[in-house]
1. Six or more apart or on different chains, Cβ atoms under 9 Å: show the pairs whose first residue is in segment 16-45 and more than 13 Å from Gly215 (Cα to Cα) and whose second is surrounded by fewer than 19 Cβ atoms within 10 Å (Cβ to Cβ) and small (Gly, Ala, Ser).
2. Out of the helices (runs of 4 or more DSSP H) lying entirely within segment 350-421, which hold 2 or more residues that are in contact (Cβ under 8 Å) with a residue 60 or more places away in the chain?
3. Name the residues in segment 286-305 that are under 22 Å from Leu21 (Cβ atoms), in contact with a helix residue (DSSP H, G or I) (Cβ under 6 Å, 6 or more places away or on another chain) and buried (at least 19 other Cβ atoms within 10 Å of the Cβ), would you?
4. Applying the selection to segment 242-254, what residues are surrounded by 21 or more Cβ atoms within 10 Å (Cβ to Cβ) and farther than 14 Å from Ile24 by Cα?
5. Can you find a residue that is under 25 Å from Arg78 (Cβ atoms), of a type in the set (S, T, N, Q) and touching a His at 6+ places or on another chain (Cβ under 9 Å) anywhere in segment 212-227?
6. Before we move on, is Leu474 closer than 30 Å to Leu153 by Cβ, touching a residue at least 12 places away in the same chain (Cβ under 8 Å) and touching a Leu at 6+ places or on another chain (Cβ under 7 Å)?
7. Just checking, does segment 25-32 include any residue being surrounded by 15 or more Cβ atoms within 10 Å (Cβ to Cβ), in contact with a Gly (Cβ under 8 Å, 6 or more places away or on another chain), within 23 Å of Met265 (Cα to Cα) and among the β-branched types (Val, Ile, Thr)?
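Nothing in this text is a laboratory measurement; each read-out follows from the coordinates by a stated rule. In this text the structure is predicted, and so the values were computed from the model without any measurement. Heads up, the Cβs are rebuilt from the backbone with ideal geometry, glycines too, and the neighbour counts pull from every protein chain shown.
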Amino acid sequence: MLEIKPIHPQFHLEVLPAAQLETIRSATLHILEHVGVHFPSERALRVFIEHKAQVDVESQIVRLSPELVTEALSHAPRSYVLSGRAGGTDLVLDGTNSYFGTDGCGTETVDLKTGERRPSCKEDVAQMARVADSLSSVAFYWPMVSARDYGRLAPLHELDASFNNTVKHVQTETVMGEKPARYAVRMGEVIAGDRETMRDRPPFSVLICTIAPLGQDPDGIEAGMVYAESGIPVGFMAMPNMGATAPATPAGALAIGNAEVVSAMVLMQLVAPGAPVFHSLLASVMDPRSADYVVGIPAKFLCNAAAVQMAHDWGVPTLAGAFGMGGTEPATWQLGRDSFYTALLVPLAGADIVTGGGMLEASTVLVPEQIIFDDEIYHMHRILAEGIDVSAETLALDVIAAVGPRGHFLTQEHTRRHVRSTWIPELTHPRRPLDGGPVPSIRSRARSRFESILAEHQPEPLPELARAELRVILDAAARELSS
């Protein structure tokens, strides 16, 4: 039976004291009012003009008053549901749990059979969806790589491969542009059954990246307005790079990234008041010696956690980033170190949804077995965040009295009952072969588990009618968008 095990933290982390959180909020409002954000969309500019924003049509710079920002975001829901298509797959974003998902959208795959690096394809998206469907650590699925074998239609085929290979909620970060978005919405209606059900129980959601510094992507904004009007949850992710596309300080990066995200969420509320939106900010740092993109440093880890507080300060859910996707190989010291900080800090900070699992090289390369390592890291952090259960049952005073001094607990029924529920990480604590032979390497064991899932796990299939309707939509998109 499919099971999702979210992280339910029993203690909480605040990176930003209340005074600092208010200072960043004030700085964000200052940027929005006096500096502005670039919106390269005629429709978006018209919407802002209608709502009395200060708009320079020639430069496409929009400036927003604090009153307009506050009023618009007052309509954004703090809580809503991301739905799957099977029982037990609904994700309630109410601040109670942190739900983790995969990472995406890479462009290369290390082939499972040959070990060679190659361009990613639709079958990779489908294969990883099947594996993600089986893992209790994965609550929602990002298409992990691009369906590069489908050219301009790749984003819609990534959705198709995902819907056909997992019953869990799907989140796309690639279906951009007004026309592709409308096809994606039609696909969502097929999965949900009809338009109204899709609004109540959206089977997919969308993440749109802003353009640092202080810019919006034209296709992203055009698509976002379509999704907002259709009731599809849409989030915006700022990715400020300290020293390059943001000030070389965490506070400056948080303020400028916050302005990008907030301005986009405001637009969604002006287009469709009450539209479900979410906030995301993943900072990075420019290496001053090489200008490389650096993700595995304390400044980023702190920004990831601080961004969770900032999202909730605006009264919306948040998507946070986790895991050590900056490494080049699975099972390395670097990945273990970076994953510890990110995958533990953000749920303790209260992140609603979290992405990052299964990818390497700054989320560009898929090494299939990496998702098995991240699954184990996730469950380690899930148990850490849930803390210690102290109750009459767990204190076991009657059992202690029965055993007494210098006895042992091996024969106690209490021991038999509880020892089975003690989670032991299989990759780092493998069972010894019965024949006394050597234990395979940790990467071999991860690969073996991955291959077993592929061989044994079959997600609940879509009904044939739904599959046929998806093919019709893809054919129609091919005729319109490929011309």
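1. Gln20/Ala251; Thr23/Ala251; Ile24/Ala251; Ala27/Ala251; Ala27/Gly252; Leu29/Ser65; Glu33/Ser65
2. On the way: elements: 370-386, 392-395, 397-403, 413-419.
Of the helices (runs of 4 or more DSSP H) lying wholly inside segment 350-421, those with at least 2 residues that are in contact (Cβ under 8 Å) with a residue 60 or more places away in the chain span 370-386.
3. Within segment 286-305, Phe301, Cys303, Asn304, Ala305 qualify.
4. Result: Met242, Ala246.
5. Our first condition is that a residue be under 25 Å from Arg78 (Cβ atoms); within segment 212-227, this holds for 216, 220-221, 223-227.
Still in the running and of a type in the set (S, T, N, Q): 216.
Of the ones still in play, those that are also touching a His at 6+ places or on another chain (Cβ under 9 Å) are 216.
The answer is yes, given that some residue of segment 212-227 is under 25 Å from Arg78 (Cβ atoms), of a type in the set (S, T, N, Q) and touching a His at 6+ places or on another chain (Cβ under 9 Å).
6. Details: closer than 30 Å to Leu153 by Cβ: yes; touching a residue at least 12 places away in the same chain (Cβ under 8 Å): yes; touching a Leu at 6+ places or on another chain (Cβ under 7 Å): yes.
Yes: the conditions hold for Leu474.
7. Taking segment 25-32 as the starting set, the residues that turn out to be surrounded by 15 or more Cβ atoms within 10 Å (Cβ to Cβ) are 25, 27-29, 31-32.
With the extra rule that they be in contact with a Gly (Cβ under 8 Å, 6 or more places away or on another chain), the set shrinks to none.
No, segment 25-32 contains no residue that is surrounded by 15 or more Cβ atoms within 10 Å (Cβ to Cβ), in contact with a Gly (Cβ under 8 Å, 6 or more places away or on another chain), within 23 Å of Met265 (Cα to Cα) and among the β-branched types (Val, Ile, Thr).
For every residue, the table says whether it meets (1) crowded, with 22+ Cβ neighbours inside 10 Å; (2) within 17 Å of Tyr99 (Cα to Cα).
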site	(1), (2)
Arg118	no, no
Cys121	no, no
Met128	yes, no
Ala132	yes, yes
Ser136	no, yes
Tyr141	yes, yes
Ser146	yes, no
Asp149	no, no
Glu158	yes, no
